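Coordinate-derived values only; no laboratory data. The shown structure was predicted, so the numbers you read here are calculated from the model rather than taken from an experiment. Glycine also receives a Cβ, built like all others from the backbone with ideal geometry; neighbour counts cover every protein chain displayed.
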Amino acid sequence: MKIKVLGSSAGGGFPQWNCNCRNCDGVRRGTLKATRRTQSSIAVSANGEDWLLVNASPDLLAQIAANPELQPARRVRDSGIAAALVMDAQIDHVTGLLMLRERGTPLPLYATDAVWQDLSQGFPIVPMLSHYCGVEHRRIALDGSPIEMAALPGIRVVALPLSSKAPPYSPHRDAPVRGDNIGIVIDDTASGRSVFYAPGLGAIEPHVRDAMRDADLLLVDGTTWTGDEMIRLGLSNKTAADMGHLPQTGAGGMIETLDALAPLRDRAQRKVLIHINNTNPILIDDGPERRVLAEHRIEVAYDGMSFEL
């Protein structure tokens with residue numbers, strides 16, 4: 001199984017277009033040792049030619065251009081993107097679907113019922129695409145049953161409901177329903193290895209902790225370093241928890257959570273933070289926060305990062 005990080009930043013990318021925080025200003029001026037990042041998305045493949053797009057960011061066209069694997073050029077019009085799966089209905093995870101409108105066939109789209117409702121009404125991408133390529137809804141069940149895709153032989157995907165936030169335009173924003181947000185476990189049946197992917201984690205519930213323990217690779221929420229990061233910088237009045245994210249530091253934060261994991265199987269486990277907000281100091285390659293992560297054997301995702309399991 002091949003996994004490619006197409007984008008590793010949170011919504012807005014890095015640098016964010018209208019932000020002049022220390023990170024964004026420093027990367028523009030070249031005064032910080034930091035790397036630009038596009039908005040969060042990964043791709044998964046069994047053969048290196050046919051890919052499942054997991055979340056479709058507004059930066060999708062740039063991500064396709066930066067990853068030639070997604071354009072195998074087998075015919076005059078072609079794409080390596082065989083299907084898409086969206087984990088929520090947030091703008092930074094679904095807007096890229098509009099960039100796939102030139103497909104010659106309807107786009108297979110895996111989504112929960114709650115997300116499908118949002119994409120049909122609150123942010124009506126599905127009706128818009130019906131005037132172009134069209135969309136085939138492939139329902140994501142939340143009963144633990146695996147999803148198997150013809151384009152990804154030997155790979156199974158299982159969805160887990162998460163406690164997080166639906167987007168502001170969702171009718172579920174202040175009245176969450178099961179399926180607003182999911183994490184996924186992707187299993188390679190041949191190798192027996194798996195990845196847990198959850199760019200938005202608001203709480204570590206028991207079923208989530210179990211899935212994290214059992215995975216060989218964790219790609220998990222790296223949005224903010226502290227819970228009050230956005231407030232302290234004067235950029236928002238919301239905490240990380242208000243936005244549905246677990247900060248890295250503090251009691252019960254991501255570092256403490258990852259440290260406490262006791263893998264269910266006796267093998268090395270890679271722990272990687274993804275969906276990193278432009279304000280997060282872990283974006284500075286030689287900063288003290290990055291050294292703290294290294295001490296805890298936690299990595300920071302970057303665009304183009306790849307894994308083979």
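Give me the net charge of Asp259's neighbourhood, meaning all other residues with Cβ under 11 Å from the Cβ of Asp259; Lys, Arg count +1, Asp, Glu -1. Residues close to Asp259 contribute a combined charge of 0. Projecting label points 7 angstrom from Cα along Cα→Cβ for Ser306 and Lys238 puts them 3.5 nm apart.
Put in order of Cβ neighbour count within 10 Å, fewest first, the listed residues Ser8, Ser306 become Ser306, Ser8.
Radius of gyration over Kirkwood radius for segment 118-233, both on Cα atoms: the Rg/Rh ratio is 1.01. The loop-placed trypsin sites (Lys or Arg not before Pro) in segment 145-205, going by DSSP, include none that has at most 11 neighbouring Cβ atoms within 10 Å of its Cβ.
Take the Cα of Ala175, step 7 Å toward its Cβ, do the same at Ala150, and the gap between the two points is 4.0 nm. For segment 2-308, the Cβ-based charge dipole about the Cα centre amounts to some 560 debye (Lys, Arg positive; Asp, Glu negative; other atoms uncharged).
For the pair Ser191 and Asp214, a Förster radius of 22 Å applied to the C-beta separation gives a FRET efficiency near 0.95, rounded to the nearest 0.05.
Just to confirm the filter: which trypsin sites (Lys or Arg not before Pro) across segment 20-101 are DSSP coil and have at most 16 other Cβ within 10 angstrom of their Cβ? Don't jump to the answer; show the numbers that get you there.
Values: sites: Arg22, Arg28, Arg29, Lys33, Arg36, Arg37, Arg74, Arg75, Arg77, Arg101; in loops: Lys33, Arg36, Arg74, Arg75, Arg77, Arg101.
Sparse-neighbourhood loop trypsin sites (Lys or Arg not before Pro): Lys33, Arg36, Arg74, Arg75, Arg77, Arg101.
Have a look at the DSSP beta bridges in the chain and tell me what percent are antiparallel, nearest 5. Antiparallel bridges: around 50 percent, rounded to the nearest 5.
Derived scalar couplings between HN and Hα for segment 17-27 equal 4, 10, 10, 10, 5, 3, 5, 5, 5, x, 6 Hz in order, rounded to whole Hz, by the Karplus curve 6.51 cos²θ - 1.76 cosθ + 1.60 (θ = phi - 60°), x for Gly and Pro. Rounded to the nearest 0.05, the FRET efficiency derived from the C-beta distance between Lys33 and Ala73 at R0 = 30 Å is 0.25. Computed per residue of the chain from DSSP H runs no shorter than four, each worth -39500 (n - 2.57), the mean residue ellipticity at 222 nm is -4500 deg cm²/dmol.
Which whole-angstrom value gives the distance between the alpha carbon centres of segment 215-257 and segment 174-206? Here the answer is 17 Å between Cα centres.
Take every pair of alpha-carbon atoms less than 8 Å apart whose residues are at least six positions apart; their mean separation over the length of the chain yields a relative contact order of 19 percent.
Taking a quarter of the surface of the Cα convex hull of the chain gives a mean projected area of 15.4 nm². Relative intensity of segment 156-309 on a log10 scale, I(q)/I(0) at q = 0.11, 0.12 Å⁻¹, equals -0.43, -0.51, per a Debye sum over C-alpha point scatterers of equal strength in the absence of solvent.
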